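Here's the structure, in structure tokens; my notes come after.
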Amino acid sequence: MDHVAQLLILTLAAGTPLVFAALGELVTEKSGVLNLGVEGMMLVGAVVAFIVAATTKSPWLGVLAGMIAGAALSLVFAFVALTLQANQVASGLALSLFGIGLSAFIGLEYVSVVIEPIKPLVVPGLTDLPVIGAMLFGHSPLVYLSLVLFGLIQWFLFHSRAGLILRAVGESPQSAHAIGYPVLRIRYLAVMFGGACAGVGGAYLSLVYNPSWTEGMTAGRGWIALALVVFATWKPWRVLAGAYLFGGVTLAQFQAQGMGVDIPSQYLSMLPYIATILVLAFISRDATTIKLNAPASLGKSFHPYR
Amino acid sequence: MRFHLEPRPEPSRLAGWLSPLVATIAVLGIGFVLFSAMGKNPWHALYVFFIEPVDTLYDVGELLLKASPIMLCAVGLAIGYRANVWNIGAEGQLIMGAIFGGGVALAFHDSASPLVLPLMLVAGLLGGMAWAAIPAFLRTRFNANEILVSLMLVYVASFILSLLVHDAWRDPEGFNFPQSKMFTDVALLPNMVAETRLNVGFLLALAAVALGWVFMRKSLVGYQMRVAGLAPAAANYAGISARRTVWLGMLIGGGCAGLAGVGEVAGPIGQLLPVVSPGYGFAAIIVAFVGRLHPVGIFFASLLMSLLYLGGEAAQMQLALPSSVTGLFQGTLLFFLLAADVFINFRLRVTYPAVIAAKAV
């Protein structure tokens, strides 16, 4: 039973950065904007969070800084793709490439710095409970935060008026504009929310999951998060399920090594990427499902005078 | 005073060709600010970054040598992008090309036949195409997004290469380093200009530029692909197969990237290493856009990109600046380009509030 608890904790830990990044991107995409820059925003979030945590000795300030950095970076994308109406695919790619370069550049002097990581939660009396104690109360505070975020997004999108407007903008910006909603402003906010979430996802990586900074430490998680949104057919609860599924796949690597299976590590390292490809193909095979679930204006520029 | 973006009746061709220049100048400006902020003399730093790397014959050779793989990848990608086929995994296709081509070189390590090199090039071409065929197949058969699939395959390809050089293809006399045997002379691209490292791979890249131009501008299939990119509905109505467009866009991009991969291992590297490219496949995406998805533009844009790589190395050695400044400049370049592109379809209109306008009269 202890082993199961351990596995559950590790799965949640590995899935959480994906939960943050993919939920943020989900909200962005619901407003009709496709931001392919998640990888870049996560990396910049990770490095800024790490630098701030290392300088101020406060990991929580680091998380905050990572969040702000992700949102700030997403503004660059928003300006180019929304205000200047550049191609969203190209702008998102630019954001990823820019973020990879920027994070490597500013993080250079912090590569071997050691910081005080964010510790797992300990609730006196509860965490020590047999069997369920560690399972329910032994995770990093950020894991709980990601679950709260999930609940909030679920409520916001499907049970609040603002969420309805956001979805309307994503389905038909022309109609939303005609009724009088500020399409561009709503999209700006959605993009920034996505950036902030990606930033926190990155901060989780550099402060909790693997407390350190190395160039390109997200290792494609930003891209996997993008795939997760498609996999989830734009439904938050499926993002959550998908993220933990992928978290589990990443664990196979450690599990196999732990059990003494003699297989070159590269095979296991490939697994998450291959799993992403297979799952993506499986989910997308029915074009109608995707078409029905994807926001109708996803990836298309909007100009009020056109 | 207020600014408006007003749609132009016709896209401006002039703005289209000017925006790469604007973007380049803007990157120089950013460099100036960045170098000053880091306490360097900005003029000297810019000189070291952009002029000094190309002030001797040897250096020009290096510039063209580095530009070759970028050019190859970008020409192939641009053909796909024109048709709305978003292959962003050229880096993985390049690695696969290096594996296939390098595999041939190692298999015929004892041979002195002049056929080894052509065989390597064909193998690399096929390797890149095979790797690109996966996203093409998944896209046409399962509707899977080619952006994500091709990108995921970059990671898979690099793990396969790592696996090979750590194990099956490791040089037994290599002191346990993860690297293959050095290729023999028949497996290396011949040198082109004495006293430089420039090899005939550059000619290969030039040929790709020329062929790319002929294909896009003079062939029916190229025309159909451009139509498919500009107006998918019209293309569909005209009976242009969307499936074929995806396959062609992917395979051409993959093939070119595969050739670039062989060019690297049969050129400046001369063996298989765990890392065979410093991100040429990703840089090529930027080059394709900066070159306006046009082979001639791509030729010049890849020289610029190559200069960014060389400048980064020079800045690291002479100014103790981190070489990652290259990546920063690459991303900035693309952003400025996309921003400047707004003037292709829009013009800026300045309007004055009525009061001020009345006073002016």
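The values are calculated or read from the model by the stated rules, or taken from the named source; none is laboratory data. Just so we're clear, the structure is a prediction, and the values are computed from it rather than from any experiment. All Cβ positions, even for glycine, are placed from backbone atoms using ideal geometry, and neighbour counts span all protein chains on display.
When the test is whether a residue is under 18 Å from A:Leu142 (Cα atoms), surrounded by fewer than 18 Cβ atoms within 10 Å (Cβ to Cβ) and not β-branched (Val, Ile, Thr), A:Ser58 passes it.
Quick check on my filter: what residues within the range A:70-87 are under 18 Å from A:Phe302 (Cβ atoms) and at the interface with another protein chain (Cβ under 10 Å from one of its Cβ atoms)?
Listed by number, the residues that qualify are A:Phe77, A:Phe79, A:Val80, A:Ala81, A:Thr83, A:Leu84, A:Gln85, A:Ala86, A:Asn87.
Quick grid of which residues meet (1) part of a loop (DSSP other than H, G, I, E, B); (2) facing another protein chain (nearest Cβ under 7 Å); (3) without any contact (Cβ under 8 Å) to a residue 60 or more places away in the chain:
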site	(1), (2), (3)
B:Leu151	no, yes, no
B:Ser162	no, yes, no
B:Trp169	yes, no, no
B:Pro172	yes, no, yes
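When the range B:80-138 is filtered for residues that are surrounded by fewer than 22 Cβ atoms within 10 Å (Cβ to Cβ), within 12 Å of chain A (Cβ to nearest Cβ) and not in a helix (DSSP H, G or I), only B:Asn84 remains. Within this structure, B:Ala210 fails the test of being in contact (Cβ under 8 Å) with a residue 60 or more places away in the chain, of a type in the set (Gly, Ala, Ser) and touching a Cys at 6+ places or on another chain (Cβ under 8 Å).
Would you be able to say whether some residue in the range A:244-263 is crowded, with 24+ Cβ neighbours inside 10 Å, in contact (Cβ under 8 Å) with a residue 60 or more places away in the chain and among the hydrophobic types (A, V, I, L, M, F, W, C)? For the range A:244-263, residues crowded, with 24+ Cβ neighbours inside 10 Å, in contact (Cβ under 8 Å) with a residue 60 or more places away in the chain and among the hydrophobic types (A, V, I, L, M, F, W, C): present.
Please work out which residue is farthest from the other protein chains (Cβ to nearest Cβ), limiting yourself to the range B:1-19 and to residues that are of a type in the set (Lys, Arg) and surrounded by fewer than 11 Cβ atoms within 10 Å (Cβ to Cβ). Top of the filtered list is B:Arg13.
Of all residues in the range B:222-244, those that are under 23 Å from the mean Cα position of the chain (by Cα) and closer than 22 Å to B:Pro135 by Cα total 6. Only one of the listed residues (B:Gly263, B:Gly281) is at pLDDT 90 or above, within 12 Å of chain A (Cβ to nearest Cβ) and assigned to a helix (DSSP H, G or I). That residue is B:Gly281. Does A:Val38 satisfy the criteria of being buried (at least 24 other Cβ atoms within 10 Å of the Cβ), within 25 Å of A:Ala296 (Cβ to Cβ), under 18 Å from the mean Cα position of the chain (by Cα) and within 12 Å of chain B (Cβ to nearest Cβ)? The answer is yes for A:Val38.
Of all residues in the range A:47-55, none are buried (at least 24 other Cβ atoms within 10 Å of the Cβ) and not hydrophobic (A, V, I, L, M, F, W, C).
Can you pull out the residues in the range A:162-173 that are under 19 Å from A:Asn293 (Cα atoms) and assigned to a helix (DSSP H, G or I)? If the condition is that a residue be under 19 Å from A:Asn293 (Cα atoms) and assigned to a helix (DSSP H, G or I), then A:Gly163, A:Leu164, A:Ile165, A:Leu166, A:Arg167, A:Ala168, A:Val169, A:Gly170, A:Glu171, A:Pro173 are the ones that fit.
Conditions (1) modelled with pLDDT of 75 or more; (2) surrounded by 18 or more Cβ atoms within 10 Å (Cβ to Cβ), marked per residue:
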| position | (1), (2) |
| --- | --- |
| A:Val111 | yes, no |
| A:Val122 | no, no |
| A:Tyr144 | yes, no |
| A:Leu157 | yes, yes |
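Of all the residues in the range B:286-296, those that are surrounded by 21 or more Cβ atoms within 10 Å (Cβ to Cβ) and in a helix (DSSP H, G or I) number 6.
Among the residues making up the range B:139-148, those that are surrounded by fewer than 22 Cβ atoms within 10 Å (Cβ to Cβ) and assigned to a loop (DSSP other than H, G, I, E, B) are B:Asn143, B:Asn145.
A:Trp213 - would you say it is buried (at least 17 other Cβ atoms within 10 Å of the Cβ) and touching a residue at least 60 places away in the same chain (Cβ under 8 Å)? Walk me through how you get there before you give the answer.
On the way: buried (at least 17 other Cβ atoms within 10 Å of the Cβ): yes; touching a residue at least 60 places away in the same chain (Cβ under 8 Å): yes.
Yes: the conditions hold for A:Trp213.
Entry remark, the range A:206-237: residues being among the basic types (Lys, Arg) and within 14 Å of another protein chain (Cβ to nearest Cβ) number 1 in total.
Out of B:Val33, B:Val22, one residue alone is in contact (Cβ under 8 Å) with a residue 12 or more places away in the chain and either within 30 Å of B:Gln316 (Cα to Cα) or surrounded by fewer than 17 Cβ atoms within 10 Å (Cβ to Cβ) (or both). It is B:Val22. Considered as a group, the residues in the range A:238-281 that are more than 9 Å from every other protein chain (Cβ to nearest Cβ) and in a loop (DSSP other than H, G, I, E, B) include one that is nearest to B:Leu138 (Cα to Cα), and that residue is A:Ile263. The residue of the range B:311-352 that is farthest from B:Gly16 (Cα to Cα), among those that are of a type outside the set (A, V, I, L, M, F, W, C), assigned to a helix (DSSP H, G or I) and more than 8 Å from chain A (Cβ to nearest Cβ), is B:Gln318.
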